[in-house]
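In what follows, a single structure is set out as structure tokens and then discussed.
Read-outs throughout are calculated quantities, based only on the coordinates presented, and are distinct from any laboratory measurement. The structure displayed is predicted, hence computed values, not measured ones. Note that we place each Cβ from the backbone using ideal geometry, even for glycine, and neighbour counts take in every protein chain shown.
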């Protein structure tokens, strides 16, 4: 089953054409890297798939839902329940605690507070980060923030995970950690789409797509 289907997508910023005539299909359970040089439109494409950015032309189908409008209730529910994001800056609220950020990931899940905290504490333990639960995010290193962002994805339990240059500016050890975490999510049945210009990480993926050839 196709989780993502793009048909004849165009996106412009003013007179500048960013994406033209993009056609793409990604099946459930794939782990896909979309590669291209900086400025080629990779992040724009990811934001179109994630229903964050509005397309100018074409059709976007997700989870068998046809041509979804980004401001619709349908899009809101997909973003809330089906799509998880891993941003380059991790997307954490820096002036709040680790626990607060992780509880936010479960805001729309039907879990009572006791079970919610148990689930979070177990994942923090699994990642060796229990000692950080009450720390403010701005007090964490980049590697620690990256692992908290992965825990957030695990808590959200989204079917589709979109990652924007997730290994940018990471050292070799943290790069390996994040890619192996994404592989773990993929083995759990999640569909993973990563945009990157780092050709050294492509062996982690089941399929590599060159944006310039779409």
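Values for this structure:
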{"quantity": "Cα-based helix-to-principal-axis angle, 142-156 vs the chain, degrees rounded to 10", "calculated": "80 degrees"}
{"quantity": "Mean Cα-pair separation over length for the chain, i.e. relative contact order, pairs under 8 Å, 6 or more apart, %", "calculated": "31 percent"}
{"quantity": "Choice from 16, 94, 175 showing the highest fluctuation, given a GNM over the chain with Cα pairs closer than 10 Å", "calculated": "16"}
{"quantity": "GNM result for the chain, Cα springs below 10 Å: residue of 20, 191, 43 fluctuating most strongly", "calculated": "20"}
{"quantity": "Computed [θ] at 222 nm, deg cm²/dmol, the chain (DSSP H ≥ 4; -39,500 (n - 2.57); rounded to nearest 500)", "calculated": "-10000 deg cm²/dmol"}
{"quantity": "Antiparallel bridge percentage (DSSP; both residues within the chain; nearest 5)", "calculated": "45 percent"}
{"quantity": "Computed E for residue 37/residue 10 - FRET, C-beta separation, R0 25 angstrom, nearest 0.05", "calculated": "0.80"}
{"quantity": "For the chain, built as a Gaussian network whose Cα springs stay under 10 Å, the top-fluctuating residue of 39, 84, 50", "calculated": "39"}
